[in-house]
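For reference, the structure is listed below as structure tokens.
Where a number appears in this text, it was derived from the coordinates with a stated rule and is not lab data. Everything numeric here is computed off the predicted structure, so don't read it as measured data. Cβ placement follows ideal geometry from the backbone for every residue including glycine, while neighbour counts extend to all protein chains displayed.
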Amino acid sequence: MKLKALAAIGLLCAGAQLSAKTLNVDIDIHADQTGPVINKDVYGQFAEHLGRGIYEGVWVGEDSAIPNTRGFRTDVLEALRAIKVPLVRWPGGCFADEYHWREGIGPREDRPTKVNTHWGGVEEPNSFGTHEFFEFVELLGADAYVNGNLGSGTVKEMAEWVEYMTGDKGSTLANERRANGREEPFDIAYFGIGNEAWGCGGNMRPEYYADLYRQYATFLKTPQGKRPKFVASGGHTEDTSWTDVLSKNIDSNIDGISYHFYTLPNSDWDEKGRAIKFSEQEWFKTMERTYRMEKYIRANVAKLDENDPEGNIGLYVDEWGTWYDPEPERDPGFLYQQNTLRDAVVAAVNFNIFHQHAERVTMTNIAQMVNVLQAMILTDKEKMVLTPTYYTYGMYKVFQDATSIKFNLKTDKYKRGDKTVPGVTASVARGTDGKLYLALVNLDPSNSADIDLDVAGANVTRAVGQILTADAMDTRNTFDAPETIAPTAFESDLDDLTIPAKSVVVVELK
Ligand code: AHR
């Protein structure tokens, strides 16, 4: 440490400008002090019937000229497998409360065509239904999070869907599933009872929804050992009343309360801000908005700590990510947006926040997986590009089911006007492979960060891993230039650790 401080003074003398433009960060790691496990489901994804999120993005059908595996795009499957997607939420979102599961089973040619009234008013062919969803997650090696329709459905419809999926006896519903090609019951990891009940899911008050939830959950029966985690639809943004009311009024059949928070650069739903070609002011506002996640999670967790001191109820951030203005030439109902280095930084900032709250935040889903909002993957017919967000998921996969390690972090701020966010945030954990991992993200787009690292309880001298960064804030991959940004190797002595401006770094400490 001392040597490093001396080196910094040397730099100051040699070039005050360079030193003045460096953020100073102190991190003390206690490698022998462990915290909670970071549930792999924190890295879950959301796939809704919205725009080209499912149709074209995931499902093209067996007869498509686009290379596919039983109707699923092979390129997308391979890319998602590479980042180890642990969990997929489906069919919505707002779409879930308009979805009637019976329309998506049986021979595809017999399924009714509906209109997706929530997203773009397009025809919904129902070709991707229950069986296709489970086949998709099984091909990925992921778990299933199914979101039920409370808003426009009935208790009977929801209960029958659960029985259709999980029944193991000779009931008519289980036999119908068998007749449709699936002998063994499907495994559901999480089941959501409605979505955004405060808005598109029915414009309810939390007290009313809590009663409905209790009623619906009573009738969702599964064979022993097959019960999914039940998710109550909670609040969003700075509001904690849903978490409060639901955790006070629902005392059984509940495993988690959902929470949604989106990163809109301008915090204004009418003028959200642009996905590309933005100013540094917009970059800052994006960071400032996304970092509010920390405060909001803390406030919701405080409510849970009051009402559920035993820690039975998780806080599931099952929708989060950037949401920009639609691109001018695209259907605004499709929520298609480009994805840049800024999105990668946003993802890493959020991962580091989720890890700090690993005890309660045991599941999250970024919105959304392909072609919608902060996507991993963008497609244009047969073409596919991997986004900077995709690469951040890839770099952070070592944190899935890792054991968090205690650390203290002091950092210079990234400041504009009278507002600040931390210059650097971090995560430290011991992976399931026994290795010690450090993740760092520099939120400042202009200034590099000097990391003064002190590691107690482990004999480590080197940082070896990957970095994602670029010169321009809106560096992105496009269909014409799909390899403009990707992670590169990163290696440094620990007593000389510096990370560049606007970068995401994940390293093993060895
Ligand atoms: O992710 C897009 C939409 O955002 C979801 O359908 C809805 O739940 C939320 O408002």
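Details
- Cα point-scatterer Debye curve for the stretch 435-504, base-10 log of I(q)/I(0) at q = 0.27 Å⁻¹: -1.30
- Relative to the longest principal axis of the Cα atoms of the chain, the long axis of helix 206-218 makes an angle of roughly 60 degrees.
- The packing ranking, built from the mean of other Cβ atoms within 10 Å per residue, places the peptides 174-184, 426-436 in the order 426-436, 174-184, highest first.
- The stretch 272-414: Cα Rg divided by the 2.2 N^0.38 Å rule of thumb: 1.15
- Other residues lying with their Cβ under 15 Å from the Cβ of ASP255 contribute a combined charge of -1, Lys and Arg counting +1, Asp and Glu -1.
- Under-5 Å amide H pairs with PHE230, H placed in peptide plane, nonlocal only: PHE191, ASP255, GLY256
- Computed from backbone phi, the HN-Hα couplings of the stretch 258-266 come to 7, 8, 10, 8, 9, 9, 9, x, 8 Hz, rounded to whole numbers (Karplus: 6.51 cos²θ - 1.76 cosθ + 1.60, θ = phi - 60°; Gly and Pro given as x).
- Descending Cα extents along the principal axes, the stretch 344-452, whole Å: 47, 41, 25
- Placing unit charges on each Cβ (+1 for Lys and Arg, -1 for Asp and Glu) gives the stretch 363-487 a dipole about its Cα centre, and among LEU373, THR420, LEU409 the Cα reaching farthest toward its positive end belongs to LEU409.
- Principal axis dimensions, largest first and in whole angstrom, of the stretch 47-132 by Cα: 33, 26, 22
- Dipole moment magnitude, nearest 20 debye, the stretch 131-218 about Cα centre, only Lys, Arg, Asp, Glu C-beta charged: 300
- Unit charges on C-beta of K, R, D, E only; dipole of the stretch 352-510, Debye: 500
- Dipole of the chain, positive direction: furthest Cα of MET395, VAL506, ALA347, with charges on the beta-carbon: VAL506
- Between 0 and 90 degrees, the angle of helix 280-307 with respect to the longest Cα principal axis of the chain falls at about 60 degrees.
- Rounded tilt (10° steps) of 155-166 against the dominant C-alpha axis of the chain: 80
- Computed over the alpha-carbon pairs of the chain, the distance histogram in 20 Å steps reads 23, 55, 20, 2, 0 percent, short to long.
- Positive-pole candidate from LEU497, ASN477, VAL464, dipole of the stretch 452-501, charges at beta carbon: ASN477
- Summed over qualifying helices (DSSP H, 4 residues or more, each -39500 (n - 2.57)) and divided by its residue number, the chain shows a 222 nm mean residue ellipticity of -8000 deg cm²/dmol.
- Taking Cα centre as origin and charging only the Cβ of basic (Lys, Arg, +1) and acidic (Asp, Glu, -1) residues, the dipole magnitude of the chain rounds to 680 debye.
- Above-threshold pairs, the threshold being 21 Å between Cα atoms, out of LYS114/LYS272; LYS406/LYS435; LYS303/LYS397; LYS285/LYS502: LYS114/LYS272; LYS303/LYS397
- Amide H contacts for ASP318 (H built 1.01 Å from N in the peptide plane; partners 5 or more residues away or on another chain; cut-off under 5 Å): TYR259, ASN365.
- Share of alpha-carbon pairs per 5 Å distance bin for the stretch 374-510, given as whole %: 2, 9, 18, 20, 19, 14, 10, 5, 2, 1, 0
- Hull volume in cubic angstrom per residue (convex hull over the Cα atoms of the stretch 297-369): 104
- Across the stretch 83-152, the volume of the C-alpha convex hull divided among the residues equals 96 Å³ per residue.
- Radius 11 Å from Cβ of ASP318, net charge of other residues (Lys, Arg +1; Asp, Glu -1): -2
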